[in-house]
1. Determine, for 40, 311, 167, the number of other Cβ atoms within 10 Å of each Cβ, and report the residues in order from fewest to most.
2. Using R₀ = 35 Å, calculate the FRET efficiency as 1/(1 + (r/R₀)^6) where r is the Cβ-Cβ separation of residue 44 and residue 300; round to 0.05.
3. Compute the long axis of helix 56-66 from its Cα atoms, compare it with the longest principal axis of the Cα atoms of the chain, and write down the angle in degrees, 0 to 90, nearest 10.
4. With angles folded into 0 to 90 degrees, how steeply does helix 140-159 sit against the dominant principal axis of the chain? Use alpha carbons for both and round to 10.
5. So how compact is the chain: Cα radius of gyration and Dmax in angstrom?
6. Ratio of the range 92-183's C-alpha Rg to 2.2 N^0.38 Å, to two decimals?
7. Which residue fluctuates most in the GNM of the chain (Cα springs below 10 Å): 238, 208, 159?
8. For the range 2-107, what log10 I(q)/I(0) values come out of the Debye formula at q = 0.19, 0.23, 0.24 1/Å, with one point per alpha carbon and no solvent?
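Each reported figure results from applying straightforward, stated rules to the coordinates on display, with no laboratory input. On a predicted model such as this, the values are computed, not experimentally measured, just so you know. Here the Cβ positions follow ideal geometry from the backbone for every residue, glycine too, while neighbour counts run over all protein chains shown.
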Amino acid sequence: MKRILITGALGQIGTELTVKLRELYGEENVLPTDLRIPERGKMKDTPFEILDVTDSDAVMEMTKKFKPDTIIHLAALLSAVAEREPKRAWEINMGGLMNTLEAAREVGALYFTPSSIGSFGPSTPKDNTPQETVQRPSTMYGVNKVAGELLLDYYHERFGVDTRSVRFPGLISYEQEPGGGTTDYACEIYFEALKNGSYKSFIDKGTFMDMMYIDDAINCIIDLLEADPEKLTVRNAFNVSAMSVDPEMVAASIRKHIPEFELGYDVDPMRQAIAESWPNSLNCDEAKKQWNFKCAYDLDKMTEKMLSGIREQMN
Ligand code: NAD
């Protein structure tokens, strides 16, 4: 049985991960935290704590009180937001990471936090990007993620903390709005397809990025949490991905259900530059080998799920 403390639990990942973990391990064994109390959704009126991850004393106090055997650290500023507010991104992304790592060290908890395809940069090989390769990102978010990966290695080697992570691609879901990432177009496009029958993408035609449907991302976290520590040689972050797509491919998949759907472009130079600095497609062999990483959703299956989920929400 696990006892799990989650930070940033009201975000795109935490909203769905908390519910799944509670199904598996019991409501009382999973404590979600964030900057505010949930006012709607499945976490409303269930055990929940306010926790600002930049407050080191509060993080340590909450950890000692709840006594988790696992800390899942999700609180962060995402790529596009971090690029607009680099100083605040450093404070939240690095401060939060250090404070939660220290708490994990103090109580001997397993520690999971996601890295990102944003940890790669323009000089990284773009196709079939290897597990071990050049990581010289050109964004503040990427700098934070590389520093974070190095810290996970450091805490594992120096203090024996059981650190685990994955480099998530863009995550696609409909329950919670994405938090300001560069791959958000691939969520918005489904909402707009159903509401207006058209979408103007802020990412340009022909720009390929890795993506994954949220259910696969949640299962991926759970599989990695349950993996045998002896089998894991990668402690900074595993490459994981389900598909590599550009806006035209997503539109073509949507047209199988909404034939009149129109895709146009209104490219945002900042997010386009970030996208162009990231890989086209990751090599995920190490994750498959070491903890049996797998995905159930390809693009068309994800499109079906997104459209039916959003339709249900609209009714
Ligand atoms: P999100 O932006 O949807 O949610 C982040 C949550 O953190 C929000 O609920 C916010 O209120 C909270 N938060 C912000 N500052 C905080 C603070 N000081 N203290 C406590 N909470 C704070 O993010 P997400 O998409 O759920 O991402 C979670 C993690 O996964 C992040 O590390 C992110 O970089 C990583 N990731 C996400 C994606 C993606 O596509 N969603 C892809 C790759 C990596």
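1. On the way: 40 6, 311 12, 167 27.
Ascending number of Cβ neighbours within 10 Å: 40, 311, 167.
2. On the way: r = 34 Å, r/R0 = 0.96.
In this case the efficiency is close to 0.55.
3. The angle comes out at about 80 degrees.
4. The answer is roughly 30 degrees.
5. Both quantities, over Cα of the chain: 18.8, 57 Å.
6. On the way: Rg = 14.2 Å, N = 92, 2.2 N^0.38 = 12.3 Å.
Computed over Cα atoms of the range 92-183, the ratio equals 1.16.
7. Most flexible of the set in this elastic network: 159.
8. Reported log10 I(q)/I(0), two decimals: -0.92, -1.25, -1.33.
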